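**Student:** Sharing a structure here in structure tokens format.
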There are 2 protein chains.
Amino acid sequence: MLYYKDIETNIVQKFGSYEVTHEEVIEFASKYDPQPFHLNDEAAAKTHFGRVSASGWHTAAMTMRMLVDHMNAHKQAGLGSPGVENLRWIKPVHPGDTLRCELVTLQKRQSESRPEMGILKSMMTVFNQHDEKVMTMESTSLIEVRGN
Amino acid sequence: MLYYKDIETNIVQKFGSYEVTHEEVIEFASKYDPQPFHLNDEAAAKTHFGRVSASGWHTAAMTMRMLVDHMNAHKQAGLGSPGVENLRWIKPVHPGDTLRCELVTLQKRQSESRPEMGILKSMMTVFNQHDEKVMTMESTSLIEVRGN
């Protein structure tokens, strides 16, 4: 298991390959973001989206899945996140796209109030299959401190 | 339909009532955020979450649904969002909670590059049934400019 002490800063971790299906875009949007440009091409064509595009919250959720799979593969003792800064939806994500992640841990420090927790500041960039940035965010995440 | 010119700033809009079910918490987490503390009480009890809690991205998605329903009820000509600042998950959201929203539009301006779009800066606060803040975010959203 990887704990706080094992996290290295300023190294780009590349991971993930998430195929965005039409079915999943519609399913997520129907449940959580039923705006016309997330539900059908005709409505999207009348907007800057051009054609049906995933909810930004869906893109964030797909990114989280890639991140959790990455953490599991590396057995990282994550403890969730208090928040995110500067979440940017840069380009629309469309059905048929394949997303991937680049993650850099920028800073790490041990919590003063809860010394069993380490606090990581990271920059996440999500790309599509054309290597275009579709989403960026700066996240804060928590990780177990053990064996110090 | 409500367009850019109809949006008033500095008025608190209260809306939404979203019942967070155990089934939905597990379904979202299984798909997008399969960390143990989002999947079962036993694992969550070993962390600061205490018991099973919704993924923060699920809370954001439920909030979006309340917002879209509110915009639809008021026939607001929304055009999506380029991003969010300072997304904060303040308290865990648990199955059985009921969420509600308070939204204030802080600023509005017309886009210079795309004058058919208005840009709104808003503060969203999400409360649980105990009137505890569970999530806050500052969002940027786009709305149609027409009939000016």
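**Student:** Say a site is exposed when it is one of the trypsin sites (Lys or Arg not before Pro), sits in a DSSP loop, and has at most 14 other Cβ atoms within 10 Å; what is then the longest site-free stretch of chain B?
**Tutor:** Details: sites that count: B:Lys46, B:Lys75, B:Arg146.
Maximal segment without exposed cleavage sites: B:76-145.
**Student:** While we're here: Checking the cross-link filter: which aspartates and glutamates have an alpha carbon closer than 19 Å to that of A:Lys14, excluding same-chain neighbours under 8 positions apart?
**Tutor:** Within reach: A:Asp6, A:Asp69, A:Asp97, A:Glu102, A:Asp131, A:Glu132, A:Glu138, B:Asp33.
**Student:** I'd like the orientation of helix A:22-32 relative to chain A: the angle between its Cα long axis and the longest Cα principal axis, in ° from 0 to 90, rounded to 10.
**Tutor:** The angle comes out at about 80 degrees.
**Student:** List the residues of the range A:71-110 for which accessible area in the full set of protein chains is at least 50 Å² lower than for the chain on its own; 1.4 Å probe, protein heavy atoms only.
**Tutor:** A:Leu79, A:Val84, A:Glu85, A:Trp89
**Student:** Give the share of C-alpha pairs in each 5 angstrom bin for the protein assembly as shown, from 0 to the last occupied bin, in whole percents, shortest bins first.
**Tutor:** The distribution over the protein assembly as shown is 1, 5, 11, 16, 18, 17, 14, 9, 5, 2, 1, 0, 0, given as percents.
**Student:** For a quick check, take a GNM of chain B with Cα springs below 10 Å and name the residue from B:Asp131, B:Asp97, B:Asp33 with the largest mean-square fluctuation.
**Tutor:** Checking each option, the largest mean-square fluctuation is seen for B:Asp131.
**Student:** Just to confirm the number: angle between the C-alpha axis of helix A:56-73 and the first principal axis of chain A, 0 to 90 degrees, nearest 10?
**Tutor:** 40 degrees
**Student:** Normalised by the residues of the range A:1-76, what does the relative contact order come to in percent, with Cα pairs under 8 Å and at least six apart?
**Tutor:** Values: 66 pairs, mean separation 25.5, N = 76.
Contact order relative to length: 34 percent.
**Student:** P(r) for chain B: what percent of alpha-carbon pairs falls in each 5 Å bin, starting at zero?
**Tutor:** For chain B, the pair-distance distribution reads 2, 9, 18, 20, 16, 12, 9, 7, 4, 2, 0, 0.
**Student:** So if I take the alpha carbon set of the range A:47-129, get Rg, then get Rh from the Kirkwood formula, what is the Rg over Rh ratio? Don't jump to the answer; show the numbers that get you there.
**Tutor:** Values: Rg = 15.3 Å, Rh = 14.7 Å.
The Rg/Rh ratio comes out at 1.04.
**Student:** List the pairs from A:Lys5/B:Lys31; A:Lys133/B:Lys133; A:Lys108/B:Lys121; B:Lys46/B:Lys91; B:Lys31/B:Lys121; A:Lys31/A:Lys75 whose alpha-carbon separation is above 22 Å, in the order I gave them.
**Tutor:** Details: A:Lys5/B:Lys31 30 Å; A:Lys133/B:Lys133 33 Å; A:Lys108/B:Lys121 31 Å; B:Lys46/B:Lys91 17 Å; B:Lys31/B:Lys121 31 Å; A:Lys31/A:Lys75 32 Å.
Pairs exceeding 22 Å: A:Lys5/B:Lys31; A:Lys133/B:Lys133; A:Lys108/B:Lys121; B:Lys31/B:Lys121; A:Lys31/A:Lys75.
**Student:** Based on DSSP H runs of at least 4 residues, each adding -39500 (n - 2.57), what is the mean residue ellipticity at 222 nm of chain B after dividing by all its residues, to the nearest 500 deg cm²/dmol?
**Tutor:** Values: 3 runs with 34 residues, N = 148.
Taken over chain B, the calculation gives -7000 deg cm²/dmol.
**Student:** Please identify every one of the GluC sites (Glu not before Pro) in the range B:87-142 that sits in a loop by DSSP and has no more than 12 other beta carbons within 10 Å of its own beta carbon. Spell out each step's value before the answer.
**Tutor:** Numbers: sites: B:Glu102, B:Glu112, B:Glu116, B:Glu132, B:Glu138; in loops: B:Glu112, B:Glu116, B:Glu132.
The qualifying sites are B:Glu112, B:Glu132.
**Student:** Say we join alpha carbon atoms closer than 10 Å with springs in a Gaussian network model of chain A; which of A:Val126, A:Val104, A:Val93 then has the biggest fluctuation?
**Tutor:** Among A:Val126, A:Val104, A:Val93, the largest mean-square fluctuation in the Gaussian network model of chain A belongs to A:Val104.
**Student:** Treat every Asp and Glu Cβ in the protein assembly as shown as -1 and every Lys and Arg Cβ as +1, leave all other atoms uncharged, and give the resulting dipole magnitude about the Cα centre to the nearest 20 debye. Display every interim value, and only then the final one.
**Tutor:** Numbers: 32 positive and 38 negative charges, 144 e Å.
The dipole magnitude comes to about 680 debye.
**Student:** Determine, from the Cβ-Cβ distance of A:Glu8 and B:Lys133 and an R0 of 51 Å, the FRET efficiency 1/(1 + (r/R0)^6), rounded to the nearest 0.05. The partial results should precede the final answer.
**Tutor:** Numbers: r = 35 Å, r/R0 = 0.68.
The formula returns an efficiency of 0.90 here.
**Student:** Next up: Compute from the Cα atoms of the range A:1-49 the Rg and the Dmax, the latter being the longest Cα-Cα distance, and quote both in angstrom.
**Tutor:** That works out to 18.4, 52 Å for Rg and Dmax.
**Student:** Okay, next question. How big is the dipole moment of chain A about its Cα centre under a simple scheme where the beta carbon of each Lys and Arg is +1, that of each Asp and Glu is -1, and everything else is neutral? Debye, nearest 20, please.
**Tutor:** On the way: 16 positive and 19 negative charges, 91 e Å.
That gives chain A a dipole magnitude of about 440 debye.
**Student:** Here's a follow-up. With point charges of +1 on the Cβ of Lys and Arg and -1 on the Cβ of Asp and Glu, referenced to the Cα centre of chain B, which listed residue (B:Val126, B:Ser113, B:Asn86) lies farthest in the positive direction of the dipole?
**Tutor:** Projecting each Cα onto the dipole axis, the largest value belongs to B:Ser113.
**Student:** Before anything else, pin down the relative contact order of the range A:4-144: Cα pairs under 8 Å, at least 6 apart, normalised by residue count, whole percent. Show your work: numbers first, answer last.
**Tutor:** Working: 287 pairs, mean separation 40.1, N = 141.
The normalised contact order for the range A:4-144 reaches 28 percent.
The values are calculated or read from the model by the stated rules, or taken from the named source; none is laboratory data. Remember, it's a predicted structure, so these values are computed and weren't measured experimentally. A quick note on method: Cβ atoms are made from the backbone with ideal geometry, for glycine too, and the neighbour counts reach across all protein chains shown. In case anyone asks, the SASA skips ligands and DNA or RNA and just uses the protein heavy atoms, side chains included. Shrake-Rupley method; radii C 1.70, N 1.55, O 1.52, S 1.80 Å.
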